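For reference, the structure is listed below as structure tokens.
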């Protein structure tokens, strides 16, 4: 990672912030993007002082699609080049509200899928033309099977996983590595106080696992690793039985 130039979207999220520290510690130059301009500047200044790496930042609004090409260009201008992008965006929302209010459901879908698709489309075209680089998309185990407790959020993450799979298939011959990350329960602001949490990982554990998988050029990685087996069991439950379960 030393000397690599990386655009990190969602840098003030718990996972994004942990990844920024991991990458900077390994010598990467970073351009951070996040909704909260004050907070992303604070994070960038801290990382720049702590690790002595080139770093810059921008505000990023997932639903303001017209600004995404400009943000990409700003990252390239500030870093001098771009070797990869990591997108760590997510809005869990509230499933019960989403069932009754389409506007809430729409925001969950756009924040987790459409906004990510927008910035990744522009970046993928740049990296494809360049002929090398990497793309890391943070999806979720929630996208592996629709469950009554979070199927709106899960459907957006499932769509993102499918998009990344197709993008990986498209960009492979161009020398661009696309990795899908599927975290289980992570100790973040988004999950704080939510019922049913178990085997909760820290953002730092997740970031370290992501970096290890990226160095190994994994295509799909579940973090922590045991979520692969948990979701395998959930996926193979027959539908006639699954629909009777409260999950």
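The values are calculated or read from the model by the stated rules, or taken from the named source; none is laboratory data. Computed from a predicted structure; not experimentally measured. Note: ideal-geometry Cβ built from the backbone for every residue, glycine included; neighbour counts use all protein chains shown.
So here's what we get for this one:
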{"quantity": "Of all residues making up the stretch 2-22, the number that are part of a helix (DSSP H, G or I) and within 27 Å of residue 130 (Cα to Cα)", "calculated": "5"}
{"quantity": "Filtered residues of the stretch 12-55 (kept if touching a residue at least 60 places away in the same chain (Cβ under 8 Å) and either farther than 14 Å from residue 79 by Cβ or surrounded by fewer than 24 Cβ atoms within 10 Å (Cβ to Cβ) (or both))", "calculated": "13, 14, 15, 16, 17, 18, 19, 21, 22, 26"}
{"quantity": "Helices (runs of 4 or more DSSP H) contained entirely in the stretch 96-175, each with at least 2 residues that are under 15 Å from residue 83 (Cα atoms)", "calculated": "115-130"}
{"quantity": "Exclusive hit being closer than 19 Å to residue 177 by Cα, touching a strand residue (DSSP E or B) at 6+ places or on another chain (Cβ under 9 Å) and surrounded by fewer than 24 Cβ atoms within 10 Å (Cβ to Cβ), set 8, 72, 79", "calculated": "72"}
{"quantity": "Condition check for residue 89: modelled with pLDDT under 95 and within 20 Å of the chain's Cα centre (by Cα)", "calculated": "yes"}
{"quantity": "Members of the stretch 167-185 found to be surrounded by 15 or more Cβ atoms within 10 Å (Cβ to Cβ) and free of Cβ contacts under 8 Å to residues at least 40 places away in the same chain, listed by number", "calculated": "185"}
{"quantity": "Lone qualifier among 200, 206, 141 - being under 14 Å from the mean Cα position of the chain (by Cα), modelled with pLDDT under 95 and closer than 26 Å to residue 233 by Cα", "calculated": "206"}
{"quantity": "Filtered residues of the stretch 23-66 (kept if under 19 Å from the mean Cα position of the chain (by Cα), closer than 20 Å to residue 126 by Cβ and in a helix (DSSP H, G or I))", "calculated": "23, 65"}
